There are 2 protein chains.
Amino acid sequence: MGRPKVAILSSDLIATAAMDLVDTTGGFTIPELARSLKVSPSSLYNHVSGREQIIELLREKAMSEVRLPELTGPWIDVVGDIVRSYYRSYARYPRLIPLMTAYPVGSHQAVAMYDALAVTLTGAGFDARDTLRIITLIDSFVLGSALDAAAPPAPWGDAPHAGPELAAALATVATSADRAEDAFEFGLAVLLRGLAAR
Amino acid sequence: MGRPKVAILSSDLIATAAMDLVDTTGGFTIPELARSLKVSPSSLYNHVSGREQIIELLREKAMSEVRLPELTGPWIDVVGDIVRSYYRSYARYPRLIPLMTAYPVGSHQAVAMYDALAVTLTGAGFDARDTLRIITLIDSFVLGSALDAAAPPAPWGDAPHAGPELAAALATVATSADRAEDAFEFGLAVLLRGLAAR
């Protein structure tokens, strides 16, 4: 009370406000962010260098929940564990995903995860080029699956005009306790089988 | 000039304005959309029933560019062709993707593509439950890859603190004419191999 408002600003507070805006509107601008924090845009720049740094703070927030396993044991199990943890973390922030892919990665936490994948895949005998391709495949699969996890329980609605094969497939949704989680585990198994069968 | 503005409104015009808003801000609200069209929100409701129908118009716009192949020949080739066309279409509208997954599918074009996949996968011997899982995997892979295609040319930036394995993998970006397209084709091959090796 009575303290100048700029004193309470911090990069943490800025990140939280930006995350709220992304959650509700799908994005943020510096003026919107300043308005939601009740400060001037120029006070924001006392704490962050700009939009790109704020996006990096958001990536760090999401990535800080990824738990990296010990990098020992069969590579398939290690990669599987990393992918599961990465998926669980981003499934909580689906509207952040397009922002994450639109800006280059800078945060330590993110680089640590990509490092763990690169060490494991290189150890498994994949060359540098395939290692990058596999990391990209994992990114696409995880972020796409995280969006799917945020989809409505029946993403295909009442499937108007579905043919019999699609209707039969959609009817199985009801028998699955967690449709998205089940599909994620199935997809991960397909992906790892495809990688092992190189 | 002089005509009442509501006369020029159409669901097509509304979809175009909504797509512009999504492209620039990541989302849209009915008031924003009304403002950008210089009409009142209530005039919008003369043409569309609400937000959900507008999102379906956007899905239709993106899906109308998906070309379905003849459903003959090896299932792996048919699925591969559908996935490629689906990917190319959504790579043009990356910011639309989180909205697409957040709302149930209703448009004819979308159902036609899912129908083609369901017919092909069922014909290949997958049961109804696996058919739905594979469709979900394809959705996640395509939408994640479409986001990746909209990423900066070097999505990992200057990769501060990367270990030697990750640094070596990232160095191969420079040798790839189209990093995202190359990674997509690699990922598609892994996925199809994993499905064939069931």
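This table checks each residue for (1) without any contact (Cβ under 8 Å) to a residue 24 or more places away in the chain; (2) within 7 Å of chain A (Cβ to nearest Cβ); (3) surrounded by 17 or more Cβ atoms within 10 Å (Cβ to Cβ); (4) not in a helix (DSSP H, G or I).
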position	(1), (2), (3), (4)
B:Leu166	yes, yes, yes, no
B:Leu170	yes, yes, yes, no
B:Glu185	yes, no, no, no
B:Leu188	no, no, yes, no
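Just need a number here: residues in region A:127-142 that are closer than 30 Å to A:Thr172 by Cα and either among the aliphatic types (A, V, I, L, M) or open to solvent by 40 Å² or more (accessible area, probe 1.4 Å) (or both). Summing the residues that are closer than 30 Å to A:Thr172 by Cα and either among the aliphatic types (A, V, I, L, M) or open to solvent by 40 Å² or more (accessible area, probe 1.4 Å) (or both) in region A:127-142 gives 3.
Of all residues in region B:63-76, those that are within 24 Å of B:Ala91 (Cβ to Cβ) have Cβ atoms under 8 Å from Cβ atoms of residues that are among the basic types (Lys, Arg) and surrounded by 14 or more Cβ atoms within 10 Å (Cβ to Cβ), 6 or more apart or on another chain, in B:Glu65/B:Arg88. Assess whether A:Thr122 counts as being at pLDDT below 90 and part of a helix (DSSP H, G or I). No, not satisfied. Of all residue pairs spaced 6 or more apart or on separate chains, those with beta-carbon atoms under 7 Å, a first member in region A:95-124 that is closer than 18 Å to B:Leu143 by Cβ and a second member that is among the aliphatic types (A, V, I, L, M) and open to solvent by 40 Å² or more (accessible area, probe 1.4 Å) are A:Thr101/B:Ala150; A:Ala102/B:Ala150. Considering region B:125-164, the residues that are part of a loop (DSSP other than H, G, I, E, B) and farther than 21 Å from A:Ala118 by Cα include one that is nearest to the other protein chains (Cβ to nearest Cβ), namely B:Ala150. Of the residues making up region A:57-75, at least one is open to solvent by 30 Å² or more (accessible area, probe 1.4 Å), within 12 Å of another protein chain (Cβ to nearest Cβ) and more than 13 Å from the chain's Cα centre (by Cα).
Got at least one residue in region A:78-92 being part of a loop (DSSP other than H, G, I, E, B) and touching a helix residue (DSSP H, G or I) at 6+ places or on another chain (Cβ under 7 Å)?
Initially, region A:78-92 is screened for residues part of a loop (DSSP other than H, G, I, E, B), giving A:92.
Going one step further and asking which of them are touching a helix residue (DSSP H, G or I) at 6+ places or on another chain (Cβ under 7 Å), we end up with none.
No - not one qualifying residue is present in region A:78-92.
Residues that are open to solvent by 30 Å² or more (accessible area, probe 1.4 Å) and more than 13 Å from chain B (Cβ to nearest Cβ) were ranked within region A:76-94; the one that is modelled with the lowest pLDDT is A:Arg92.
Only one of the listed residues (B:Ile30, B:Ile14, B:Ile54, B:Ile97) is within 30 Å of B:Thr120 (Cβ to Cβ) and either modelled with pLDDT of 90 or more or surrounded by 14 or more Cβ atoms within 10 Å (Cβ to Cβ) (or both). That residue is B:Ile97.
Within region A:143-161, the set of residues being within 14 Å of B:Arg133 (Cβ to Cβ) and acidic (Asp, Glu) comprises just one member, A:Asp148. Filter region A:100-117 down to the residues that are facing chain B (nearest Cβ under 7 Å) and part of a helix (DSSP H, G or I), then identify the one that is surrounded by the most Cβ atoms within 10 Å (Cβ to Cβ). Restricting to residues being facing chain B (nearest Cβ under 7 Å) and part of a helix (DSSP H, G or I), the top hit is A:Tyr114.
Whether a residue is buried (at least 24 other Cβ atoms within 10 Å of the Cβ), among the polar types (S, T, N, Q) and closer than 30 Å to B:Pro164 by Cα was assessed, and A:Ser145 passes this test.
The values are calculated or read from the model by the stated rules, or taken from the named source; none is laboratory data. Since we're looking at a predicted model, the values are computed, not measured. Note: ideal-geometry Cβ built from the backbone for every residue, glycine included; neighbour counts use all protein chains shown. When the accessible area is computed, the model is the full protein with side chains, heavy atoms only, and any ligands, DNA or RNA have been set aside. Shrake-Rupley method; radii C 1.70, N 1.55, O 1.52, S 1.80 Å.
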